[in-house]
Amino acid sequence: MAIDIVPPKRCRVTDESEVDVIAGDDDERQEGLTPACDFMDEDIKPYETFIPEEVDSRDVGVTGKTIMVAGSFYIPKLNPAKPLGEDASFICLNKQVIGVADGVGGWAKKGIDSGMYSRELMKNAELAIHKQSNSTTTTSIDLMKVLNEAFSKTKKEGSSTACILSLSDDTLHAVNVGDSGFAVIREGIIVYKSKVQQSRFNCPFQLGNESTSDKPNVAEKISVPVIAGDVIVLGTDGLFDNVHDFELETIVNAGVDSWESDVPETLAWRIAQYALDNAKNTEVYTPFTRESHKAGIEHNGGKIDDITVIVAYIWPL
């Protein structure tokens, strides 16, 4: 069975510091947050993961009056030791499920690439989705079972956040661990946004095999009714740490009002590009700036991080 883990894209950001904190690692609490970085002047090109002909209600497990179509874009940091970055994602359109994971960067100081954990977790999640859909007559996917099975089969070192969404009966279902998340945008306005789960600033809840890591039972279970025309933006903290809600609304509105409105991966590219611009900017006031100041930590500008964006349109059948 082919597993579609989203590969890295062409534009990458160099960052010498890893700022995400490992659960239980109290020495990291007051870590300096301003990275030393430089940037490649390479053009960003969208990596297409959305194929319109694959999204056919006759071929997918659709219930209700709507269907979800999705595309993604990924910008990993430039690091020769970790060319794939630490984010991972999947789009399983035939099962109407999408997901992202973000390996916790603090593991690098222990010589561990947490991206290997996040990629294995997402691969196992997609396998669990196919296994579940093949063993039951219902078209709905139990996301907690998916997360539990993926977690139990992931053996790599490290830890990761995770957020998995599915569409069933005109309702968006989600399980979320940590500071990856999603927003539902309706008629240009965010009508729902998932909350960050963290034990303290910059230390998100994180799945892993260490005794200090979290288990799937900490996941927040979410259900949000959706209607045709809604836009779902799912991403890792590289997105949400660098883009305010009003900025996200503006970008989505510009995208759906343009000729590219039927191409979700292009809108994902636009959003990721904007997040990257803010991440590079040492002057802009970002959500990460705001939260740093709340925690008593001086930080100006954006946060250098891997950036994963999945855009899903809710279409009528």
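Of note:
- Distribution of pairwise C-alpha distances over the range 91-229, 5 Å bins, in %: 2, 10, 20, 22, 19, 13, 8, 4, 1, 0
- Note on the range 249-301: with charges restricted to the Cβ of Lys and Arg (+1) and Asp and Glu (-1), its dipole about the Cα centre is near 260 debye.
- The range 176-257: trypsin sites (Lys or Arg not before Pro) in DSSP loop, at most 11 other beta carbons within 10 Å: K195
None of the figures in this text is laboratory data; all of them are computed from the coordinates on show. These numbers come from a predicted model, not from an experiment. Note that each Cβ is placed from the backbone with ideal geometry, even for glycine, and that neighbours are counted across all protein chains shown.
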